[in-house]
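Heads up: the structure comes next, in structure tokens.
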Amino acid sequence: MSKITSNKKLLSLLIVLVIVLLLPLFINNAFYLQILVVAGIWAIVVLGLDLLVGYTGYVSFGHAAYFGIGGYTSAILVMKFGAPFWVSLPIAAILAGVIGYLISKPSFRLTGTYFAIGTLAFAEIVNIIFTNWESVTGGVYGLIGVPALFPNLKLYFYFVYAFLIIIGFIIYRLAASPVGKALIATKENENLAQSIGIDILRMKQFVFTLSCVIAGFGGALLVHLVGFASPLSFTVNTSLELIVIIIIGGAGTLIGPVFGAFFLLILSQYLATFTELRLMIYGLVLILVIKYFPGGIVGGIKRLATSMKKKGRKLDGTITSAKS
Amino acid sequence: MVEFFQSIVNGIAVGSAYTLTGLGLTVIFSVYRILNLAHGEIYMLGAFISFFSMSYLNVPFFVAIVISMIASGVIGMILERLVFRPMKNHGEADFLIVTVGLLFFISNLAMYVFTPNIRSIQGPFEQNTFNFLGLNISQQRLFIIIITVILIVALHYFNFHTKTGKQMRAVAQDKHAAQLMGINVNRMGVIAFFIAAALAAVAGTLMGDMQSINPAMGFAPLLMAVIVVIFGGLGSVIGAIVGGLTIGIVQSLSVTYFSSALSNILLYLILFLTLMVMPNGLFGRKSYE
Amino acid sequence: MINKKKFMMSAFMSLLIFSLILAGCSNSSTSTNSNGDSDVFKLGGLMSLTGAAALLGTSEKQGVDLAIDEINEAGGLDINGKKVKVEFIPYDVGEDPTKAVEYTQRLINNDKVNMIVGARENTQLAGELKITDPAKVIVFNATASTPLLSVGAKYGFNFTDNGAIEKHSLIELLADDPAVLEKAGLDVDRIKDVKRVALFGRNEMYVKQGVAGAKEASEKHGFEWAGDVLFPPGTTDFLPFVTKLKELKPDAVILDTYSYELMLPPLKEMLQIGGLDWTKGDILLLGNDVMGTQHFADTAKEEGINVDGAITFSAAAVGTTPEIDALYERIKKKFGKDAQVSGIAQTYEATMMVFKGLEEAGTTTDTDKIIEAIKKTEYDGVRFKMTVDEYGQLVQPEFMLTIEDGVVKDTGITYLEELYYGAANEIVE
């Protein structure tokens, strides 16, 4: 049984891979490629963050900081020290991770709302440093003219999607491993999990750090793609947007936030000329998802599927059941 | 030395405006256990209601504030009924995110309806500055401090000396027990939202008079108010006062002696470090399980 | 089983989403006729229509809208005798510069525009120009105030002065001959008392350019630079910052903020804290050009702020000509009496000048030709005769203004060539 499952899994994975590999052959429009690449980068970042938000229930309002740390680090290494990309990208990810690790220990003394605002406070500190450390970050100007990783967007596309698949696979394995199960146990009842011998703090720290590593990597990809690093790209709004994507896609489902990234990016393009209404609709969708579609898009589809099969299975009313 | 004390006085003036904005957050938290990030949007709506009352109904400033308090309070009640009450079974994080949704929704709806134009409220204050021992404070700032004090006293009186206030505190301490005692928990929720929104309307109008009003005016003050109430401890009125004053004074001193462009870094650093030592802020009770 | 389903679903969903993207974003209908030049000219727009900068972005959009409506009502652009209608495709770039990059790609690759108005915010513009310049797409703006669009871009036009030029003009006036100032009806004693100059503004790109300009002009003319107070973005309370400004003990303060919500509150604080009260002669108030609009003076008055005696500059002599009044009337008729007339007019005129350039180029597609044509175009603006220099920078005299009894007044002093030095022609980093 399990063998068949994994074979089928492999097959569907292959299908996805083939689709992704073939796509650029049909797309010659730089705009489509650009937003697919941007969506891919966001998808990578929210994939990591979902491990924190969806699996542990801790909402971070500050991941723009790690996104930005990764972006600036890679930009600075390449522009000021002439580092090659294969050096700057890993260092960007690692530095974001190290800082995330250092911040994670004290941060997990906080719970719920305090945790969210605590992470926000740190992100604001980081943003103020971006804005003011002129000799290194270029201050309000940011760093303009960050070299591109690849001469064309198609290569970018392959690179980003290769990493999306690799990172997705790793995180998926992690979530299915005992670590993931322990995380879910923690989310449901932290005290109980503790009492059965799970080292919760270490677990949470690990997840937080991992999400920062991934965010840092994503930030580096983004900065090289758009060609500049600006403090305005890594603000509270960016952090909120990451959370919005996760919630709308379906927190704790991993695949959900990935869809969320694509969904919101497409929605924003559809509504590009509606301006105020666009953000209004974001707000409304967010409220409706939380209230009526626990589990976001993916949760909704799943629920639809299950309710078609058999009625009555009651769903947990909370997407990200909070710590309190 | 005058410079130092002037900076402290400025900090108090700035801080009491933060406290005033943060009070509503505290009231809602004490009953609902949620940090309402859409509070800044009520603050904005309150300012607009005052503005429209003054320009279309031609009522004086203080009447406009009262109208705005009531109208905003009703908006708060509607939000409670439509959005928050049906979510009773959700976790804290869900509430937080719903308020983010509301924030997007209300501010952009306002942008659409009111247009981004700047409006001004014409308050009764003159450009007077009181001078005491070489320290200056403007009439308007002094008035904001006084109003803040009055509202705090009134809130305290309400909490501790009225039946509804006592019931509300009972709900804040233990919802289930309060329910068993026959307290109508839903009613308490409505009242809390009414009071919070009315307080936001006062803050929005006074600050809108001091500055100017537009649909984007809600977010930045909200952020400061959030820092204040988180630092002081959610749900604690004392916390909001101490938080507001501390944050105001720190900000003022850091602009004076450190760097204006970098001044906010100290606020966030202090907030962050305080939370590390006291995970529930200065005066926050441990959240209930 | 669930895992399998999840993966199948993901495969399906990816297909769905990708096809949605391909289908969805291309709502542009290109109506191109056989000879290559289309009968519709598409003008892209990148404007901040939401968020904190929405006020400025909206007035930009309205300026373009007005220009396009007038052209289209008259039948369209006259390109070699053929009438070509103009279509405007504006996107909201909010505050995030990475969004500007996405929308730039969209305008170029999907909507197939070869001209874009905006963005205004300087970081957004920097990201946009990296794409437009290699793609030979023209970008112009009438409110961006940055050399990025002139010396910074081959295919860019800057239809306003930049932060440095503006500050040069203010300091130039301080240093001008007392006889000239006297004749202009200015308070010569007050001006000649100025020794220390300070600047107050938000910590952002535009203001940094302004600081560089003000500093070098002060040095050039022998004024002491008292310093600058830059408040962080998102500041809600200006009291501590204004107090710091007071401690710099300036004789003249340049208020380098450009939107009402960033100008009115600091002005109120300056009046209230004492020591910076320009009405009592504590300082000389030097304003950004927004201050030189009657609309601002009126709004300030409503707020109880007396800006009398302030010295500022503008791209226009004071608006009393019948042409300006007529334009303002048209704007108010279209967008209501609350409309930001001068801002809208500025973008309107820039757009009209570009349209004239298009007509003179006789093409809507040959970018190089259009660039050359616009550089040769003279547009008879309501404010002054508009031309651009070799860099695509509007050759704009600075009309020095002052405010008397709540009314914006011309001093009769204008500067032009003397302002173009140092930071005027370089991107300050």
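The values are calculated or read from the model by the stated rules, or taken from the named source; none is laboratory data. Everything numeric here is computed off the predicted structure, so don't read it as measured data. FYI the Cβ positions are ideal-geometry reconstructions off the backbone, even for glycines, and counts take in every protein chain you see. The area values use the complete protein model at the heavy-atom level, side chains included, leaving out ligands, DNA and RNA. Shrake-Rupley method; radii C 1.70, N 1.55, O 1.52, S 1.80 Å.
One residue alone among C:Lys85, C:Lys167, C:Lys112 is out of contact with any Cys (no Cβ under 7 Å at 6 or more places or on another chain) and outside the structural domain of C:Asp368 (by TED's automatic domain parsing), and that residue is C:Lys167.
Is the range C:66-83 home to any residue that is farther than 25 Å from C:Ala361 by Cα and out of contact with any Gly (no Cβ under 8 Å at 6 or more places or on another chain)? Steps first, please.
In the first step, residues of the range C:66-83 are kept if they are farther than 25 Å from C:Ala361 by Cα; the result is none.
No, the conditions are met nowhere in the range C:66-83.
Test of understanding: among B:Ser259, B:Ser263, which residue is modelled with pLDDT under 90, out of contact with any helix residue (DSSP H, G or I) (no Cβ under 7 Å at 6 or more places or on another chain) and either under 22 Å from C:Arg202 (Cβ atoms) or not hydroxyl-bearing (Ser, Thr, Tyr) (or both)? Full working, then the answer.
Values: B:Ser263 fails: out of contact with any helix residue (DSSP H, G or I) (no Cβ under 7 Å at 6 or more places or on another chain).
Selected residue: B:Ser259, the only one of B:Ser259, B:Ser263 that is modelled with pLDDT under 90, out of contact with any helix residue (DSSP H, G or I) (no Cβ under 7 Å at 6 or more places or on another chain) and either under 22 Å from C:Arg202 (Cβ atoms) or not hydroxyl-bearing (Ser, Thr, Tyr) (or both).
Look at A:Phe122 and say whether it is among the aromatic types (Phe, Trp, Tyr), open to solvent by 20 Å² or more (accessible area, probe 1.4 Å) and in a helix (DSSP H, G or I). Yes: the conditions hold for A:Phe122.
Scanning the range A:185-207 turns up no residue that is open to solvent by less than 10 Å² (accessible area, probe 1.4 Å) and within 14 Å of chain C (Cβ to nearest Cβ).
Residues that are in a loop (DSSP other than H, G, I, E, B) and either at the interface with chain A (Cβ under 10 Å from one of its Cβ atoms) or surrounded by fewer than 19 Cβ atoms within 10 Å (Cβ to Cβ) (or both) within the range B:90-128 comprise B:His90, B:Gly91, B:Thr115, B:Pro116, B:Asn117, B:Gln122, B:Pro124, B:Glu126, B:Gln127, B:Asn128, listed in sequence order. Looking across the range C:23-64, the residues that are away from chain B (no Cβ under 14 Å) and either modelled with pLDDT of 90 or more or not in a loop (DSSP other than H, G, I, E, B) (or both) come down to C:Ala23, C:Gly24, C:Val40, C:Phe41, C:Lys42, C:Leu43, C:Gly44, C:Gly45, C:Leu46, C:Gly63, C:Val64. Here A:Val98 passes the criteria (1) more than 30 Å from A:Leu201 (Cα to Cα); (2) free of Cβ contacts under 8 Å to residues at least 12 places away in the same chain except the one numbered (1).
Scanning the range C:379-429 for residues that are in a loop (DSSP other than H, G, I, E, B), open to solvent by less than 30 Å² (accessible area, probe 1.4 Å) and within 30 Å of C:Thr299 (Cβ to Cβ) turns up C:Gly381, C:Phe384, C:Gln396, C:Pro397, C:Gly406. Only helices (runs of 4 or more DSSP H) whose full extent lies in the range A:155-241 are considered here, and the ones with at least 3 residues that are in contact (Cβ under 8 Å) with a residue 12 or more places away in the chain and in contact with a Ser or Thr (Cβ under 9 Å, 6 or more places away or on another chain) are A:178-188, A:200-226. Within the range C:359-372, the set of residues being assigned to a helix (DSSP H, G or I), free of Cβ contacts under 8 Å to residues at least 60 places away in the same chain and of a type in the set (Asp, Glu) comprises C:Glu360, C:Glu372.
Residues of the range A:244-254 being part of a helix (DSSP H, G or I) and either more than 11 Å from the chain's Cα centre (by Cα) or free of Cβ contacts under 8 Å to residues at least 40 places away in the same chain (or both), which ones? The answer is A:Ile247, A:Ile248, A:Gly249. Does the range B:8-20 contain any residue that is open to solvent by 10 Å² or more (accessible area, probe 1.4 Å), assigned to a loop (DSSP other than H, G, I, E, B) and closer than 18 Å to B:Ala240 by Cα? Checking the range B:8-20: not a single residue is open to solvent by 10 Å² or more (accessible area, probe 1.4 Å), assigned to a loop (DSSP other than H, G, I, E, B) and closer than 18 Å to B:Ala240 by Cα.
Among the residues of the range A:118-138, those identified as at the interface with another protein chain (Cβ under 10 Å from one of its Cβ atoms) and either among the β-branched types (Val, Ile, Thr) or free of Cβ contacts under 8 Å to residues at least 60 places away in the same chain (or both) are A:Gly118, A:Thr119, A:Ala121, A:Ile125, A:Val126, A:Ile128, A:Ile129, A:Thr131, A:Asn132, A:Trp133, A:Glu134.
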